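All of the numbers you see were taken from the coordinates with simple rules; none came from a lab. Being a predicted model, the structure only gives us computed values, none of them experimental. Don't worry about glycine lacking a Cβ; one is built from the backbone with ideal geometry, like all the others, and counts go over all protein chains shown.
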Amino acid sequence: MKVVILCGGQGMRLREETEVRPKPMISIGGMPVLWHIMKTYAYYGFKDFILCLGYKGEAIKEYFYNYEMLSNNFTIELGTKNIEFYPKHDENGWRVTLVDTGLQAMTGARVKRIEKFIDSDIFMLTYGDGVTDLNINTLVKFHQAHGKIGTVTGVFPQSRYGELSIQDDHILAFDEKPVNHKNFISGGYFVFNKRFFNYLKGDDSCILEQEAVQKLAAEGQLKVFAHNGFWQCMDTYRDYVYLQDLWEKGNPSWKKW
């Protein structure tokens with residue numbers, strides 16, 4: 001089963017970092033956030049990746065082409081170029097397909113353009129900026145059980161603001177940035193049947209979250225998998241600092257490997 005990761009956006013709200021690199025290559029704990037996402041899938045046995053590239057996609061290509069040297073210690077014998085690696089991470093068996101899906105393409109168009117690389121009835125899809133402690137195997141089993149075309153993972157977002165519990169003008173409680181347990185939002189981490197490609201168009205303007213997914217929902221072909229655990233996207237510089245801080249404190253919630 002393939003894992004498709006959208007890596008082509010310009011990351012406009014993270015311009016402090018994305019002026020020089022694509023957002024999926026921003027480092028958390030010394031490794032790109034994209035690597036963290038892939039490690040989560042690989043932990044559950046899914047190691048066949050398709051990366052949909054766009055903005056500064058050459059940086060992602062160069063990273064994986066030179067991955068062994070960039071990510072490990074090694075000894076090189078000059079003259080012969082014989083190299084002995086001393087792995088710091090275990091990524092044996094990862095298969096990474098890197099596809100240029102266009103500079104200006106929207107999310108739906110990017111997915112449509114990798115259709116020929118999908119050779120199974122089911123594939124997974126997510127964005128290149130969100131980490132989670134989601135059990136991927138449980139998500140896949142949920143999708144296989146309901147028989148619909150699509151599954152989206154629903155998560156509860158953390159508020160950016162403190163929440164006041166009041167009576168008259170008295171503060172009864174102050175909750176700093178509580179988790180909103182009232183309404184789900186899409187956390188990405190989709191599972192789709194291959195029939196989903198019939199809902200997508202190849203022109204740049206096709207947006208995954210609009211025409212395609214909304215049409216699935218209208219036809220009763222989209223289910224939600226409720227995830228009550230950790231999820232956090234890296235949409236802004238504040239998000240980046242938050243994730244980096246969690247990593248530095250040790251045992252970040254998404255690290256299962």
For 204-212, 130-138, ranked highest to lowest by mean beta-carbon neighbours within 10 Å, the order is 130-138, 204-212
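What is the dipole size for region 1-114, taken about its Cα centre, with +1 at each Lys and Arg Cβ and -1 at each Asp and Glu Cβ, in debye to the nearest 20?
I would put it at about 540 debye.
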Members of Lys2/Lys148; Lys194/Lys223; Lys194/Lys255 lying beyond 21 Å, as alpha-carbon distances in this model show:
Lys194/Lys255
Helix-only [θ] at 222 nm, the chain, -39500 (n - 2.57) per DSSP H run of 4+, per residue, nearest 500, equals -6500 deg cm²/dmol
Just want to confirm a number: the relative contact order over region 25-132, from Cα pairs under 8 angstrom separated by 6+ residues, in percent.
35 percent
Relative to the Cα centre, what is the charge dipole magnitude of the chain, using +1 at the beta carbon of each Lys and Arg, -1 at the beta carbon of each Asp and Glu, and rounding to the nearest 20 debye?
760 debye
Please state the charge dipole magnitude for region 26-78, taken about the Cα centre, from unit charges on C-beta atoms (+1 on K and R, -1 on D and E), reported in debye and rounded to the nearest 20.
220 debye
Could you give the length gained by full extension between Ile185 and Asn228, i.e. 0.36 nm per residue of separation minus their alpha carbon distance, to one decimal place?
14.3 nm
Using 0.36 nm times the number of residues separating Gln10 and Lys249, minus their current alpha carbon distance, what extension gain do you get?
83.1 nm
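Give the shape of the chain as rounded, prolate or oblate, defined through the alpha-carbon gyration tensor: a ≥ b ≥ c are the square roots of its eigenvalues, a/c under 1.5 means rounded, and otherwise the shape is prolate if a/b is larger than b/c and oblate if not.
Numbers: a/c = 1.75, a/b = 1.22, b/c = 1.44.
Since a/c reaches 1.5 but b/c is at least a/b, the shape of the chain is classed as oblate.
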